[in-house]
Amino acid sequence: MAPLRVLITNDDGYQAPGIRALAPAIAELGHEVLVVAPMDDQSGVGSARAGMVGRPIRTALEEEGGITYHGIDGTPALAVTLASVGAFGAAPDLVVSGINRGHNIGVPIFHSGTVAAGLTAAGQGTSAVAISIDSDDPDHWATSAAVAAEALTWIVPEPAGTVLTINVPDRPLDQLAGVRHASLAPIKRSRISGATAPTGEPMIVLEPRRPDPVPDSDEALLAAGFVTVTPIIGIREVKDDAAATALAKRLSSYR
């Protein structure tokens with residue numbers, strides 16, 4: 001495989017241990033690595049780029065192990081956008097987002113900054129891998145980095161705009177149960193819940209994991225020790241003009 005220019009980003013910040021494990025693993029494949037990620041934690045921002053147009057964007061720079069890490073005052077989606085329009089040199093051939101601390105499972109992944117970075121890339125015709133580790137305090141970053149490297153190799157010949165979201169158990173590589181295609185757990189399995197703060201304001205909290213996950217979902221397979229792989233797509237139009245036809249009929253009465 002010919003060397004490619006690979007953008008590495010995340011939503012945990014450019015100094016996070018996940019991205020510091022991921023970037024060298026991709027560089028070891030012989031690719032040119034460009035790291036651009038938020039300066040601070042941007043978890044849960046989705047594909048937000050609000051307030052970023054028409055203003056200078058503050059940046060930071062660090063070197064580690066021969067790799068340059070660019071920090072930006074913005075979101076993962078902004079990092080992908082900036083790299084794609086040439087703000088850091090040539091546009092990337094591929095994007096790898098992660099390694100996210102904590103899993104990204106179920107339909108609510110559209111909230112994830114990690115996953116949204118991949119979808120932002122796809123919207124610009126670039127394939128991407130979004131990779132997360134199933135722990136808030138991981139011990140085995142190297143396992144996820146190895147999985148990401150293999151996934152990148154797989155995605156290279158696939159159609160432009162292909163996106164994979166991958167979740168990896170926090171265990172040694174030789175203790176993984178295997179790799180499985182996984183459906184997204186349904187929205188009703190979301191751990192997000194509403195609560196009231198002691199001061200009376202509303203707040204969002206995460207509930208404990210629920211028992212009896214939906215079989216063959218990313219939630220169930222990840223809990224069983226499998227690497228879960230789910231191809232996803234971004235916004236696509238439905239080839240159905242029924243809504244426009246109905247609206248046109250309703251509006252015709254105003255003429």
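The values are calculated or read from the model by the stated rules, or taken from the named source; none is laboratory data. Only a predicted model underlies this, so the values are computations on that prediction, with no experimental measurement involved. All Cβ positions, even for glycine, are placed from backbone atoms using ideal geometry, and neighbour counts span all protein chains on display.
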Which of the residues that make up the stretch 56-89 are part of a helix (DSSP H, G or I), free of Cβ contacts under 8 Å to residues at least 60 places away in the same chain and not polar (S, T, N, Q)? A77, L78, L82
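For the stretch 25-45, which positions are closer than 20 Å to G89 by Cα and surrounded by fewer than 18 Cβ atoms within 10 Å (Cβ to Cβ)?
Listed by number, the residues that qualify are G30, E32, M39.
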Members of the stretch 234-255 that are loosely packed, with under 10 Cβ neighbours inside 10 Å and closer than 29 Å to Q124 by Cα: I235, R236, E237, V238, K239, D240, D241, A242, A243, A244
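Count, please, the residues in the stretch 129-160 that happen to be among the polar types (S, T, N, Q) and in a helix (DSSP H, G or I). Give the steps one after another, and end with the answer.
Going through the stretch 129-160, the residues among the polar types (S, T, N, Q) turn out to be 132, 135, 143-144, 153.
If we keep only those that are in a helix (DSSP H, G or I) as well, we get 143-144, 153.
Qualifying residue count, the stretch 129-160: 3.
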One residue from G118, G98 being in a helix (DSSP H, G or I), of a type in the set (G, A, S) and within 12 Å of the chain's Cα centre (by Cα): G118
Which numbered condition in (1) of a type in the set (G, A, S); (2) in contact with an Asp or Glu (Cβ under 9 Å, 6 or more places away or on another chain); (3) at positive phi is the only one that G125 fails? (2)
Only listed residue being modelled with pLDDT of 90 or more and surrounded by 10 or more Cβ atoms within 10 Å (Cβ to Cβ), chosen from R171, R191: R171
Could you tell me which residue of the stretch 117-132 is nearest to W154 (Cα to Cα), considering only residues that are in contact with a strand residue (DSSP E or B) (Cβ under 7 Å, 6 or more places away or on another chain) and not small (G, A, S)? V129
Residues of the stretch 161-180 that turn out to be in a strand (DSSP E or B) and basic (K, R), as a count: 1
Scanning the stretch 203-253 residue by residue, the ones that are of a type in the set (G, A, S), at pLDDT below 90 and touching a Gly at 6+ places or on another chain (Cβ under 8 Å) total 1
Restricting attention to the stretch 128-168, report how many residues are polar (S, T, N, Q), surrounded by fewer than 23 Cβ atoms within 10 Å (Cβ to Cβ) and under 23 Å from A16 (Cβ atoms). 1
Any residue at all in the stretch 130-140 that is more than 14 Å from V95 (Cα to Cα) and in contact with a Leu (Cβ under 9 Å, 6 or more places away or on another chain)? yes
